[in-house]
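S.K.: Let me give you the structure first, and then I'll get to my questions.
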Amino acid sequence: MRNLLIGLAAFLTLVDLFATQAILPALAKTYGVRPAAMGLAVNASSLGMAIAGLAVAFFSRRIDRRFGIVASLGLLAIPTALLSIAPDLLSFALLRIAQGLCMATAFALTLSYLAEHCNAAETASAFAAYITGNVASNLVGRLMAAALVDHLGVAGNFLTFAALNLCGSVLVRVWLKRAAPAPMAADAQSPLALWAAHFRNPALRAGFAIGFLILFAFIGTFTFVNFVLVREPLGLSMMAVGFVYFVFLPAIIATPLSGLAVARFGTRPAFWGALAVAAAGLPLLVQPEIAAVLAGLALVGAGTFFAQATATGFVGKAGLADRGSANGIYLACYFSGGLAGTVILGAVFERLGWGACVVGIGTAILLAAWLGNWLTLSQSPQVHPD
């Protein structure tokens with residue numbers, strides 16, 4: 001039951017983040033802009049999330065976990081609802097940034113809460129449950145968005161998601177009522193001193209960079225493939241594009257197993273295996289058959305989410321100086337990667353095409369695999385098999 005609640009909380013926290021990507025073509029038509037411009041506006045939430053991650057990292061010791069999560073999810077409903085009446089692309093982008101601020105605050109505080117309230121044996125499975133809820137929000141959120149836009153229009157879509165935000169706030173308030181946050185220990189170190197300690201740790205530096213690269217690759221894949229899907233030779237309708245995101249089902253099944261994989265094989269082998277799965281899907285994305293593209297998306301989705309769960313759990317264990325700030329920095333890097341992926345791969349997509357975009361995605365995955373050498377709790381990647 002605990003892991004189910006953790007997953008549901010993650011779902012309601014992040015359902016707004018990627019759902020809007022499923023309706024990118026419809027939004028581009030509504031605002032009369034090019035794919036890269038609309039992709040940047042939609043993924044402007046990553047900027048807000050990066051800022052919020054840094055803020056949580058800085059003020060981590062002073063924030064009551066439960067209150068912060070509940071307040072963030074309640075406030076999230078405001079920009080979500082206002083997106084239904086955003087008059088232009090700038091307003092849309094600013095509201096997405098506001099969404100990102102709220103989502104990342106709840107995300108970072110929940111990770112900190114789990115790290116502080118789970119013992120060593122429970123941490124990996126709790127984090128895996130949270131990332132599984134993230135995966136589910138990708139699938140269900142995208143399906144919902146595609147269906148809602150088809151039946152209720154863009155405005156009805158965002159008002160429905162605002163209601164889900166409020167449900168998330170209520171759920172967390174009820175769920176955490178019986179488990180008060182751990183007392184914040186006094187610490188003579190300043191937040192900047194804690195940050196410096198994190199960045200002196202080569203394992204955490206690698207973890208932060210890996211977070212950047214994982215979302216860079218994921219955003220590059222699942223933002224711009226929408227435009228590939230609706231163009232010839234595939235030529236799918238918006239509703240059909242929504243059903244494409246059943247490709248996240250393998251990730252929903254596989255991601256909860258990441259904790260077991262780490263316990264059985266170690267962090268680095270589990271991480272490398274996940275990236276190998278993602279890389280195997282890339283050649284399929286450039287094929288002209290829908291079956292091949294769907295298989296490629298399933299592999300990329302499962303691999304990147306499994307890798308994310310592994311890296312997130314590792315950072316939660318490695319940030320001993322202060323797990324709250326370590327998680328905040330990780331999330332800031334993670335979502336900065338999403339923003340960078342939107343900008344860089346959006347330009348590549350428009351100027352050089354989808355094939356070149358896939359090459360950029362593959363490059364990010366290779367760099368993440370190389371950085372995986374440093375995912376060890378022993379400071380030296382050669383000493384410990386974990």
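S.K.: Any residue in region 135-155 that is part of a helix (DSSP H, G or I) and surrounded by fewer than 16 Cβ atoms within 10 Å (Cβ to Cβ) sitting within a Cβ distance under 8 Å of a residue that is at pLDDT 80 or above and not polar (S, T, N, Q)? List the pairs, counting only those 6 or more apart or interchain.
M.R.: Here the result reads Ala155/Ile85, each pair linking region 135-155 to a residue that is at pLDDT 80 or above and not polar (S, T, N, Q).
S.K.: Failed condition for Phe58, given (1) without any contact (Cβ under 8 Å) to a residue 60 or more places away in the chain; (2) surrounded by fewer than 23 Cβ atoms within 10 Å (Cβ to Cβ), with all others met?
M.R.: (1)
S.K.: Applying the selection to region 316-375, what residues are over 30 Å from Phe58 (Cα atoms) and not hydrophobic (A, V, I, L, M, F, W, C)? Explain how you work it out, then say what you get.
M.R.: Of all residues in region 316-375, those over 30 Å from Phe58 (Cα atoms) come to 345-363, 366.
Result: Gly346, Glu350, Arg351, Gly353, Gly355, Gly360, Gly362, Thr363.
S.K.: While we're here: Restricting the search to region 211-244, which residues are of a type in the set (Phe, Trp, Tyr) and modelled with pLDDT under 80? Before the answer, list the steps.
M.R.: Our first condition is that a residue be of a type in the set (Phe, Trp, Tyr); within region 211-244, this holds for 212, 216, 218, 222, 224, 227, 243.
Phe243, the sole residue that qualifies.
S.K.: Next up: What are the pairs with Cβ atoms under 7 angstrom where one residue, in region 161-176, is over 9 Å from Gly74 (Cβ atoms) and the other, located anywhere, is of a type in the set (Asp, Glu)? Sequence gap at least six, or different chains.
M.R.: Once the first residue is over 9 Å from Gly74 (Cβ atoms) and sits in region 161-176, its partners that are of a type in the set (Asp, Glu) give Phe161/Asp16.
S.K.: Among the residues of region 334-386, which ones are of a type in the set (Gly, Ala, Ser), part of a loop (DSSP other than H, G, I, E, B) and modelled with pLDDT of 85 or more?
M.R.: Of everything in region 334-386, just one residue is of a type in the set (Gly, Ala, Ser), part of a loop (DSSP other than H, G, I, E, B) and modelled with pLDDT of 85 or more, namely Gly353.
S.K.: Hey, could you check region 70-96 for residues that are among the β-branched types (Val, Ile, Thr) and either surrounded by 24 or more Cβ atoms within 10 Å (Cβ to Cβ) or at pLDDT 95 or above (or both) and say which is farthest from the chain's Cα centre (by Cα)? Explain how you work it out, then say what you get.
M.R.: Taking region 70-96 first, the residues among the β-branched types (Val, Ile, Thr) are 70, 78, 80, 85.
From what's left, either surrounded by 24 or more Cβ atoms within 10 Å (Cβ to Cβ) or at pLDDT 95 or above (or both): 78, 80.
On the way: Ile78: 21, Thr80: 18 Å.
Out of the qualifying residues, it is Ile78.
S.K.: Here's a follow-up. Within region 279-293, which residues are touching a residue at least 24 places away in the same chain (Cβ under 8 Å) and surrounded by 18 or more Cβ atoms within 10 Å (Cβ to Cβ)?
M.R.: Once the filter is applied, which keeps residues that are touching a residue at least 24 places away in the same chain (Cβ under 8 Å) and surrounded by 18 or more Cβ atoms within 10 Å (Cβ to Cβ), region 279-293 yields Ala279, Leu282, Leu285, Val293.
The values are calculated or read from the model by the stated rules, or taken from the named source; none is laboratory data. Remember, it's a predicted structure, so these values are computed and weren't measured experimentally. Positions of Cβ are generated from backbone atoms using ideal geometry, with glycine treated the same way; all protein chains shown enter the neighbour counts.
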